[in-house]
Amino acid sequence: RRETAQQVEEMLEGAELFKATRLPRRPVSVRLDPQDISMLKRVARRKGIPYSQLVAIWVHERIEEER
């Protein structure tokens, strides 16, 4: 059966918020070559995300590959 827009709106109003729990992130210091940092910032800017977030994504992806 198909719900009307009004029914969907009512269901959403009554729904509980989903909260995913995960451990808080921790800062890590890493020494990198200045040219690597420049390239990292350039790639991140092209993707429209902060370079620290790009590093975190790449590290996570690599860990998953190694797993």
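The values are calculated or read from the model by the stated rules, or taken from the named source; none is laboratory data. Only a predicted model underlies this, so the values are computations on that prediction, with no experimental measurement involved. In this analysis, Cβ positions are derived from the backbone assuming ideal geometry, glycine residues included, and neighbour counts consider all displayed protein chains. The accessibility values were calculated without ligands, DNA or RNA, using every heavy atom of the protein model including side chains. Shrake-Rupley method; radii C 1.70, N 1.55, O 1.52, S 1.80 Å.
So if R0 is 25 Å, what FRET efficiency would Ile63 and Ile37 give, r being the distance between their Cβ atoms, rounded to the nearest 0.05?
It comes to 0.75.
Could you put Ser38, Ser29 in order of accessible surface area, largest first, with the 1.4 Å probe and the full protein assembly present? Mind dumping the intermediate values first?
Numbers: Ser38 60, Ser29 120 Å².
Per-residue accessible area, sorted high to low, gives Ser29, Ser38.
Given a Förster radius of 30 Å and the C-beta distance between Ala56 and Leu12 as r, what FRET efficiency does 1/(1 + (r/R0)^6) yield to the nearest 0.05? Working shown, then result.
Working: r = 32 Å, r/R0 = 1.06.
E(calc), rounded to 0.05, equals 0.40.
Note the angle between two axes, namely the Cα long axis of helix 51-66 and the longest principal axis of the Cα atoms of the chain, as a number of degrees from 0 to 90, rounded to the nearest 10.
90 degrees
I'd like the trypsin sites (Lys or Arg not before Pro) in the stretch 1-58 restricted to DSSP loop residues with at most 14 other Cβ atoms within 10 Å, sorted by number. Before the final figure, lay out each step's value.
Numbers: sites: Arg1, Arg2, Lys19, Arg22, Arg25, Arg31, Lys41, Arg42, Arg45, Arg46, Lys47; in loops: Arg1, Arg2, Lys19, Arg22, Arg25, Arg31.
When the trypsin sites (Lys or Arg not before Pro) of the stretch 1-58 are filtered for loop state and at most 14 Cβ neighbours within 10 Å, Arg1, Arg2, Lys19, Arg22, Arg25, Arg31 remain.
How would Leu32, Leu23 line up by accessible area, probe 1.4 Å, largest first? Each step should come with its number before you reach the end.
Working: Leu32 85, Leu23 150 Å².
Per-residue accessible area, sorted high to low, gives Leu23, Leu32.
As a test of the formula, what do you get for the chain when each DSSP H run with n ≥ 4 contributes -39,500 (n - 2.57) and the sum is divided by the residue count, at 222 nm and rounded to the nearest 500 deg cm²/dmol?
So the helix-based figure for the chain works out to -19000 deg cm²/dmol.
Taking every pair of distinct Cα atoms and averaging 1/r, then inverting, what Kirkwood hydrodynamic radius in Å comes out for the chain?
Values: mean 1/r = 0.0621 Å⁻¹.
One over the average 1/r among Cα pairs gives 16.1 Å for the chain.
Measure off 7 Å from each Cα along the Cα-to-Cβ vector at Val28 and Ile49, then give the distance between these two points in nanometres to one decimal.
Here the answer is 1.5 nm between the modelled labels.
What's the longest bit of the chain with no exposed GluC sites (Glu not before Pro), using DSSP loop states and at most 12 other Cβ atoms within 10 Å as the test? Please list the in-between numbers first.
Details: sites that count: Glu3, Glu16.
Here the longest segment lacking exposed loop sites spans 17-67.
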